[in-house]
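One structure is given here, and the rest of the page talks about it.
The values are calculated or read from the model by the stated rules, or taken from the named source; none is laboratory data. These numbers come from a predicted model, not from an experiment. Glycine gets a Cβ as well: all are built from the backbone with ideal geometry, and neighbour counts include every protein chain shown. Ligands, DNA and RNA are excluded from the accessible area calculation, which covers all protein heavy atoms including side chains. Shrake-Rupley method; radii C 1.70, N 1.55, O 1.52, S 1.80 Å.
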Amino acid sequence: MQLVLEKRAERSTVIALISPLIAIGLTIVTMSILFVIIGKNPIAALNVYFITPLTDAYSLQELAVKAAPLVMIAIGLSLCYLANVWNIGAEGQFLVGAVAGSWLAVKTHGTDAGAWVLPAMLLLGAIAGALYALIPAICKVRFGASEILVSLMLVYVADLLLDYLVRGPWRDPAGFNFPTTAEFDPVATVPLLLEGGRLHLGTVIALVIVVAAAVLLGRTIKGFEIRVVGAAPRAARFGGFSSNQLVLLTFAISGALAGLAGIIEVAGPVGHLQPGISPGYGFTAIIVAFLGRLNPVGILIAGLFLALTFIGGEQAQIAMKIPLDITKVFQGILLFYVLACDSLILYRIRLIMPQRKAADGAA
Amino acid sequence: MLDSGSGHARSGTVLLQTIGLTKRYGSFLANDAIDIAIRPQEIHALLGENGAGKSTLVKTIYGLIQPSEGEMLWQGEKMVLAGPHDARARGIGMVFQHFSLFDNLTVAENVALGLDGKESFKAMSARLEQVSQQYGLPLDPKREVWQLSVGERQRIEIVRVLMQNPKFLILDEPTAVLTPQEADQLFVVLERLKSEGRAILYISHKLDEVKRLCDTATILRGGKKISTCLPREETAASLARMMVGTEIKQVKAVAHRQTTVPRLVVNDLSLAPDEPHGVHLKNISLELKGGEILGIAGVAGNGQDEFFAALSGERLSRDPGTIVIDGHAAGHLSITARRKLGAAFVPEERLGHGTAPRMRLSENALLTGHAASGMVHNGFINTAATLATVDRATESFDVRKAKRDPEAASLSGGNLQKFIVGREILRNPVVLVVSQPTWGVDAGAAAVIRQALLDLAAAGAAILVTSQDLDELADIADRIAVMFHGRLSEPLMTADADRETLGLLMGGSALTPKDVPDAVGA
Ligand SMILES: Nc1ncnc2c1ncn2[C@@H]1O[C@H](COP(=O)(O)OP(=O)(O)OP(=O)(O)O)[C@@H](O)[C@H]1O
Ligand SMILES: [Mg+2]
């Protein structure tokens, strides 16, 4: 008996849809084994991770709030990945967007600046994210530098920049020396959708972005260009599409979306700028993008699912003393399985018995 | 008749036999209960129209496709293949219709990847050189594949298979892109392999070649086996009739086409290659009027690819005046801008260059149509328009496919070619630059494509055809020029361009053309 991977003649649409589900299933099995190894009851742990957060309204809102930045960033990343461009530094673009928008909040703090502040902050965040993302893009186009390395290393630059600002120039004088800015003024804060709830305007913005991306990819020539440059570069050049331009464009869009997510996070749920504003949204969004099959609607679902692991992870830490890092392990294993299962879209697994009737080789 | 059924008495000598081999794609039957028997020391032709199921059958025999029904016997024993490695282990080798080479790897690396053996890279390289010398298929093991011409790429595939010392060799349209000389060399190699006791299954659309080379022929039509016959006892016409079911039309040119204004002018174009082993284009000039077809002959790798890239705008020249399309200086314009001036292009390689293999036909219609065909409004794609193009190409060029809008890669080679040519011709270009228009296309469809080119010229377009097939050029071109080492010869009137003259020019000799009167087409 033999196990072989056989290339499919045409990609399987069915597998393309269920491959993420297979990946999730395998991840859950692996996690259960891991829970047993660290001496926790896997059923109870999985219950805390995946079921409890879905049982009360507060957690459900929290889910949407956590999913919003993931979805926004992942949408941008999916455009890059479709075009075969590898932006790994969304975390850095997220932080730079947060810093740039916060600058305005800090400058207008305590003044009687009007309602223009928040829109201006969002705009600044997006522009800063885009410009920051253009650094690796330009290095790639002009000098042939690896965009993977450059974008990744810029994450640490952004992290340290934020750290410096909140410990130095922007530190809240009344903040007992904590590394944080003052709490943003109401005009510099993302409004809540419901009084007393958690949902804020950012979740709506994330939904709008999902729809916009779906239209872009499915209906416009730009979206076609993104897909064809990634799928068949030589044919794309024959079609008249320039891959260099697209490197710049997709990096700029994904940087802008990450930056926007960053400033929304700071001006929304967090309320001020401080280190640690992101539990790794920029990296987790990479998983979201792939789990969502680089498809906007898929990304929306995948974003909600990974948000669940963040919330479940926090609750598991509180309820069962499971270390928070398990969440990262979980996400890593998930990415591994997603990529592995993806090969099933283009290949099929076949078991071959040496002495078998040829007749049951029916495909 | 050598039908496999009658072969039972001699089954001891049968190397490979298929019994009722069937392959279904959904409800579509690509192969329908095919029986075929192949003996050692036999060159067996597999003939059929585009989409008849030839590639499907040989891929099944090579273990790439699992049959839906039926079985295969290898030396009299039942054979079930887990994959190509299983087939190779038994001594079955295959050279594909579409190459399976990695562009960024060297010749030797590509060969190493295709071999299952455990020998060292160095020993393998040495053996590669030795085998390629032995069979007269010269190759430089250190060159990277992307720099090689199609003919050279095919040599790699053949040498790679020969290095496995196969008992049974499958060749899927090996001569489609070879020059007559290259093809002759290949036949010598094949005769030799046959005399060494190997069996060969040979797919080709060139019937003369089949009559010359093959001992037996099996003919497929619409997925079914029509008959097995002795090609030497048939005529090309009778073989074609079995393939198509009807007579094939001869192309006919309008006797005297009206030529109009110059539509495509190239002024002293010189272009350094942008890759280490590319060909330097030197001082190319030509003028092509509306209504005219200019053929470009030449051995592959003499600058045809570079010339195509320069004409299409995939490579730009610094001086706008070097290329003039319909009166507009276009040397500096992108391919999209050139299309907007009314130019259309058909590259030699259909998968990956002419089309994105994993995208649907409608998306591939958009690929070249987005600039100028009303397929895009304000940045939005008009899906109805792209699908309409697919339907029109399907109808006008008889593109056979399993559904309305499949992925490009699922079409048979010849049908994809018909789609690509159709897609461009339907845009009614004023200038058409086309490479190998009928590469891998069956005789009937080739006639349709050639007729379409003639009709397009008659309607006033200027057409530049690059082809390895001198008969094709003789059939449709008004003038023929030869490309050699990046230079283009003075065009000859087709009537003056006999094989000998062209052959000399293709070999780099600058003979004055007028000396020899016979025409090729005669
Ligand atoms: N994966 C697939 N899915 C659906 N249909 C397919 C697939 N592969 C091949 N076909 C169909 O099967 C038919 C036979 O294809 P095949 O490639 O065997 O033709 P062929 O005889 O080699 O033609 P050509 O001379 O053009 O190369 C074609 O109509 C093709 O569209
Ligand atoms: Mg074929």
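Brief remarks follow.
- Computing FRET efficiency as 1/(1 + (r/R0)^6) for B:Asp184 and B:Ala272, where r is the C-beta to C-beta distance and R0 is 30 Å, gives about 0.35.
- Label-point gap, in nm, between A:Ala16 and A:Asp163 - each point 7 angstrom along Cα→Cβ: 4.3 nm
- Prolate/oblate/rounded call for the stretch B:332-406, Cα gyration tensor, a/c under 1.5 rounded: oblate
- Antiparallel content of DSSP bridges confined to the protein assembly as shown, in %, to 5: 55 percent
- Pairs from B:Lys54/B:Lys211; B:Lys59/B:Lys401; A:Lys140/B:Lys282 whose Cα-Cα separation, in the structure shown, is over 23 Å: A:Lys140/B:Lys282
- Summarising the amide proton neighbourhood of B:Val346: residues at separation of 5 or more, or on other chains, whose placed amide H is nearer than 5 Å comprise B:Val433, B:Val434, B:Ser435.
- Per-residue surface analysis assigns B:Asp305 an accessible area of about 80 Å², computed on protein heavy atoms at 1.4 Å probe radius.
- Average accessible area per residue (Å²) across chain B - probe 1.4 Å, nucleic acids and ligands excluded: 39 Å²
- Among the residues of the stretch B:80-104, those with an accessible-area drop of 20 Å² or more from chain alone to full protein complex, heavy atoms and 1.4 Å probe, are B:Val80, B:Ala82, B:His85.
- Pairs exceeding a 19 Å alpha-carbon distance, out of B:Lys78/B:Lys225; A:Lys66/A:Lys222; B:Lys224/B:Lys418; B:Lys23/B:Lys225: B:Lys78/B:Lys225; A:Lys66/A:Lys222; B:Lys224/B:Lys418.
- Accessible area of the stretch A:64-321 divided out per residue, in Å², using a probe of 1.4 angstrom: 39 Å²
- The largest accessible area among B:Cys214, A:Cys139 belongs to the first residue in A:Cys139, B:Cys214, and the rest follow in falling order (1.4 Å probe, all chains).
- Summarising the amide proton neighbourhood of B:Ser227: residues at separation of 5 or more, or on other chains, whose placed amide H is nearer than 5 Å comprise B:Ile219.
- Distance between the 7 Å Cα→Cβ label points at A:Ile148 and B:Ile226: 5.2 nm.
- Ratio of Rg to Rh over the protein assembly as shown (Cα coordinates, Kirkwood Rh, two decimals): 1.03
- Shape of chain A, Cα gyration tensor, a/c cut at 1.5: oblate
- Taking the DSSP beta bridges with both ends in chain B, the antiparallel portion is around 50 percent.
- Cα gyration tensor shape of the stretch B:16-244, rounded if a/c is under 1.5, else prolate or oblate by comparing a/b with b/c: prolate
- Shielding by partners for peptide B:278-285, expressed as the average number of C-beta atoms from other protein chains within 10 Å of each residue's C-beta, is 0.
- Separation between Cα centres of the stretch A:261-275 and the stretch B:50-103, rounded to whole Å: 60 Å
- Computed log₁₀ I(q)/I(0) - Debye formula, equal Cα scatterers, no solvent, the stretch B:264-320, q 0.19 Å⁻¹: -0.71
- At least 30 Å² of accessible area lost relative to the chain alone, listed for the stretch B:384-409 with a 1.4 Å probe: B:Glu407
- Between B:Thr13 and B:Lys122, the modelled labels are 4.7 nm apart [label points 7 Å from Cα along Cα→Cβ].
- Taking A:Glu265, B:Glu275 and ordering them by how much accessible surface each has at a 1.4 Å probe, largest first, produces B:Glu275, A:Glu265.
- Going by accessible surface with a 1.4 Å probe and the largest first, B:Val161, A:Val29 read A:Val29, B:Val161.
- Just the protein heavy atoms count here, and of the accessible area of the stretch B:85-160 at 1.4 Å, carbon and sulfur take up 52 percent.
- Residues whose amide H falls under 5 Å from that of A:Asp172, counting only those 5 or more places apart or on a different chain, are A:Thr180, A:Thr181, A:Ala182, with hydrogens built in the peptide plane.
- Measuring with a 1.4 angstrom probe and ignoring ligands and nucleic acids, A:Ile301 comes out at about 110 Å² accessible.
- Compactness of chain B as Cα Rg over 2.2 N^0.38 Å, two decimals: 0.98
- Probe 1.4 Å - accessible area at A:Phe178, Å² to nearest ten: 130 Å²
- Interface burial for B against A (accessible surface, 1.4 Å probe, total of both chains, Å², rounded to 100): 3100 Å²
- Surface composition of the stretch A:64-321: carbon plus sulfur atoms hold 68% of the accessible area, using a 1.4 angstrom probe and ignoring ligands, DNA and RNA.
- Once the Cβ-Cβ distance of A:Lys107 and B:Val261 is raised to the sixth power relative to R0 = 45 Å, the FRET efficiency obtained is 0.10.
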